[in-house]
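Laboratory data are not the source of any read-out in this text; all were calculated from the coordinates shown. Please read all numbers here as calculations on a predicted model, not as lab measurements. With ideal geometry, Cβ positions are generated from the backbone for all residues, glycine too; neighbour counts draw on all protein chains shown.
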Amino acid sequence: MGEARRPSVLFDLYVAFQLTGQLLELELGGAGVPVEDFALYNAVVHFERATPTQLARHLGMPLSTLLFRFGRIEARGHGVRERNPRDRRSSLLGLSARGRRAHDVAKPRFEEALLSVYRHLAIDAETIQDALADLARAVGAAVEEARDRELIARKAAS
C-alpha cells in the first residue's frame, strides 16, 4: 500500500497551520507573547506605527479580528494607540516599550523554530514561500468571489 492521497491543498495548509501552532506553542511558551498574537506583534514592529486597516490587509485578517487582537495587546500593556495626524478619525497602532521588550524575547525563539523547520525542508524555502504567496493570492480571490455571491444572494432575497 502506498501513501494515502491527501485530500486538497487547503487540507495540507490546515495541517501545516495546526503543526505550526504546536511548534510555536513549544518554542514561544513563557515569552510573554501569545502564539496567536505573535504575527501581529511582528507586523507592528515592521511598520512601527500603522493604521488598523494597513495591519489587517498585511495579515490577511478581518478588521474586526485585528481590532480585537490589538485590544488584547493593549490590555497586556504592550500596545499603544494614538490618533492619526493625517486622518483624525483614524488611529495608529504601535507597541509600547514593554511590548517591544516582549517581542524582543519572543523573536529569537521564533527564529530558532524557523531554523528548525528549514533544516527539515525537502524543498528550498524560497520556492515554498513563492507557492504560499500564490496560494494566499488565490484564496483571497476566492474569498472575494464568495463575498460577491453572498451579497448577490442577500440582494435577491430582499
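Given a cut-off of 17 Å, what percent of all Cα-Cα pairs of the range 107-149 lie beyond it? It works out to 53 percent of all Cα pairs. GNM on the chain, alpha-carbon springs under 10 angstrom: the most fluctuating residue among Ala125, Ala31, Ala113 is Ala125. When the range 1-101 is described by a simple charge dipole with +1 on each Lys and Arg Cβ and -1 on each Asp and Glu Cβ, the residue from Ser91, Thr53, Gly29 located farthest towards its positive end is Ser91. Note on the range 1-112: with charges restricted to the Cβ of Lys and Arg (+1) and Asp and Glu (-1), its dipole about the Cα centre is near 660 debye. Amide H contacts of Gly79: Glu74, Ser96, each under 5 Å away and 5 or more positions distant or on a separate chain (H built 1.01 Å from N in the peptide plane; Pro and chain starts excluded).
Local charge for Thr51 was computed over the other residues whose Cβ lies under 14 Å away, with Lys and Arg +1 and Asp and Glu -1, and equals +4.
Rounded to two decimals, the Cα radius of gyration of the range 59-158 over 2.2 N^0.38 Å is 1.54. Comparing Tyr41, Ala136, Phe110 along the charge dipole axis of the range 29-155, the residue lying farthest to the positive side is Tyr41, per the Cβ-charge model.
For the range 1-106, the convex hull drawn through the C-alpha positions has a volume of 117 cubic angstrom per residue. Note on the range 69-119: Cα-only Rg and Dmax are 14.9, 47 Å.
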